[in-house]
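Peer 1: Below is a structure I'd like to ask you about.
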Amino acid sequence: MPYDYDVLIVGAGPAGTACALGLAGSGLRVGLLDKAQFPRDKVCGDAIPSPALKALTRLNPAWAAELRELTAGYRTDMRTSRLVSPAGTGVSVHWQAPAFNSPRLQFDDALLTLVRRHTATDIRENSAVKTVTADAQGVTVQLADGASLTARLVVGCDGAHSAVARALAPAPLDRTRHCAAVRAYFEEVDDVPATTSDFLFLGRYRAGYCWVFPVGAGRFNVGFGMLSSDVARQKLDLKLVLQELLATHPHLVPRFTRARQLTPIQGFGLPLGGSARPLTGPRALLCGDAAALIDPLQGHGIDTAVISGLLAADHAARCCAADAFGPEALAPYAAAVQRRLGRDLARRYRLMRLLARAPWLVEGAFRAAQWPPLRRVLVRAMA
Ligand SMILES: Cc1cc2nc3c(=O)[nH]c(=O)nc-3n(C[C@H](O)[C@H](O)[C@H](O)COP(=O)(O)OP(=O)(O)OC[C@H]3O[C@@H](n4cnc5c(N)ncnc54)[C@H](O)[C@@H]3O)c2cc1C
């Protein structure tokens, strides 16, 4: 069968671009589709975790350096996290590993620029996938504009509402393994050192937190997220909760008196990792949010998206070399993700549930963290 592509990657966020970069020089015909035209926004906290940068540096140090250059005007390096407990106890944690905050509008565009510059990937923007079918012969992807594309293997990197996952590896929505979060951009926020991210934990809204992250150019990403099952049980409107926090929380009120809101409050879902969700389907590998790989404790998923995208690239190349796309050929990808990410995500999910059930433990941890040697132990357990 004459295929359009050997590997067709759906979604050009961190997972999809990492997968395309991982396939650079493989000699395979690689397609990368996205429904959006870049640069495009993605509702996020914009904190780029250090494991994402480490994974890209390991892949190619020059590309990682280029990513820093491309985001230079839209980035703030992160050195410190300030955490405030529900009772108001504060802890500051200083980080050695390089990490930065950068609006996804620019960060994801920079990743796609690397794909454009350094790979032969056929990039198709404004290409929304409507349906995906697979059989022994190959995969067919039907686009909303009526076009249809074929491939030997599809890599689903199309985020929390993945069309690829829905079609080839469906899993029911479990609200106890899913977060909802909202965010808006502000400027003129007071008392935020440029290299410091703030996390506020709240007694009323457990298994979640409010954040204030500087993202460069005098802007701040301000948001709030919590477990979707709790949102449903408490019948919360998270946009109203964020507005109320900014107007009433004793740590936020003095800092937001001069602040100007630049964008409307927008929300999006976070499929949490640590579940038994299938990571493969017929001729399909899933990565990032499509595979539900978000850290349940801290809510970051850019790092696991990049890492799973790179693992998928490696396994896609092996499947193509062996011309083997059956379940036994795809299973090593799921095993690799489980080894690299899955076990840790499952541990962190259990820890998140424990802390949500035992607020006294959260308070105790904050008090214990006032003592530097214990703080180091706690930070190691949570980081
Ligand atoms: C409010 C909020 C705050 C967050 N804060 C952080 C944070 O600070 N740090 C962090 O690390 N993580 C954070 N996350 C999680 C992070 O945003 C995701 O884990 C990350 O974006 C996953 O990357 P991805 O490539 O898997 O998916 P995405 O970034 O969602 O990319 C998916 C791509 O697929 C495209 N697509 C979707 N459907 C189709 C289709 N049918 N056809 C074609 N293309 C399609 C989309 O346009 C998009 O470009 C946050 C999430 C939320 C909701």
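Peer 1: Do you know which of the residues in the stretch 22-48 that are outside any loop (DSSP other than H, G, I, E, B) and more than 8 Å from the ligand (Cβ to nearest atom) is farthest from Asp108 (Cα to Cα)?
Peer 2: Val30
Peer 1: On to the next question. What pairs come up if the first residue lies in the stretch 31-43 and is more than 21 Å from Ala313 (Cα to Cα), the second is surrounded by 18 or more Cβ atoms within 10 Å (Cβ to Cβ) and of a type in the set (Lys, Arg), and their beta carbons are under 8 Å apart, counting only those six or more places apart or on different chains?
Peer 2: If the second residue must be surrounded by 18 or more Cβ atoms within 10 Å (Cβ to Cβ) and of a type in the set (Lys, Arg), the pairs left are Asp41/Arg104; Lys42/Arg104; Val43/Arg183.
Peer 1: Please state which of the following conditions Asp41 fails to meet, knowing it meets all the rest: (1) in the same structural domain as Ala163 (by TED's automatic domain parsing); (2) closer than 25 Å to Tyr209 by Cα; (3) open to solvent by less than 40 Å² (accessible area, probe 1.4 Å).
Peer 2: (3)
Peer 1: Related question: Does the stretch 48-61 contain any residue that is in contact with a helix residue (DSSP H, G or I) (Cβ under 9 Å, 6 or more places away or on another chain), assigned by TED's automatic domain parsing to the domain that holds Ala284 and free of Cβ contacts under 8 Å to residues at least 12 places away in the same chain?
Peer 2: Checked against the condition, which is being in contact with a helix residue (DSSP H, G or I) (Cβ under 9 Å, 6 or more places away or on another chain), assigned by TED's automatic domain parsing to the domain that holds Ala284 and free of Cβ contacts under 8 Å to residues at least 12 places away in the same chain, the stretch 48-61 yields at least one hit.
Peer 1: Right, another one. Within the bounds of the stretch 73-89, is there any residue that is of a type in the set (Ser, Thr, Tyr) and more than 21 Å from the chain's Cα centre (by Cα)?
Peer 2: Checking the stretch 73-89: at least one residue is of a type in the set (Ser, Thr, Tyr) and more than 21 Å from the chain's Cα centre (by Cα).
Peer 1: Quick check on Leu28: is it in the same structural domain as Ala160 (by TED's automatic domain parsing) and in contact with an Asp or Glu (Cβ under 6 Å, 6 or more places away or on another chain)?
Peer 2: yes
Peer 1: Select from the stretch 176-192 the residues that are more than 23 Å from Pro264 (Cβ to Cβ) and out of contact with any Pro (no Cβ under 8 Å at 6 or more places or on another chain) and list them in ascending order.
Peer 2: Thr176
Peer 1: Name the single residue that is farthest from Cys210 (Cα to Cα) among those in the stretch 157-183 being buried (at least 19 other Cβ atoms within 10 Å of the Cβ) and touching a Lys or Arg at 6+ places or on another chain (Cβ under 9 Å).
Peer 2: That would be Leu168.
Peer 1: Anything in the stretch 219-243 that is over 28 Å from Asp174 (Cα atoms) and open to solvent by 30 Å² or more (accessible area, probe 1.4 Å)? List them, or say none.
Peer 2: Matches in the stretch 219-243: Arg219 only.
The values are calculated or read from the model by the stated rules, or taken from the named source; none is laboratory data. Predicted model, so just to flag it, every value in this text is computed and none were measured. Every residue, glycine among them, receives a Cβ derived from its backbone with ideal geometry; neighbour counts consider all protein chains shown. Heads up: the accessible areas ignore ligands, DNA and RNA and are worked out on the full protein's heavy atoms, side chains in. Shrake-Rupley method; radii C 1.70, N 1.55, O 1.52, S 1.80 Å.
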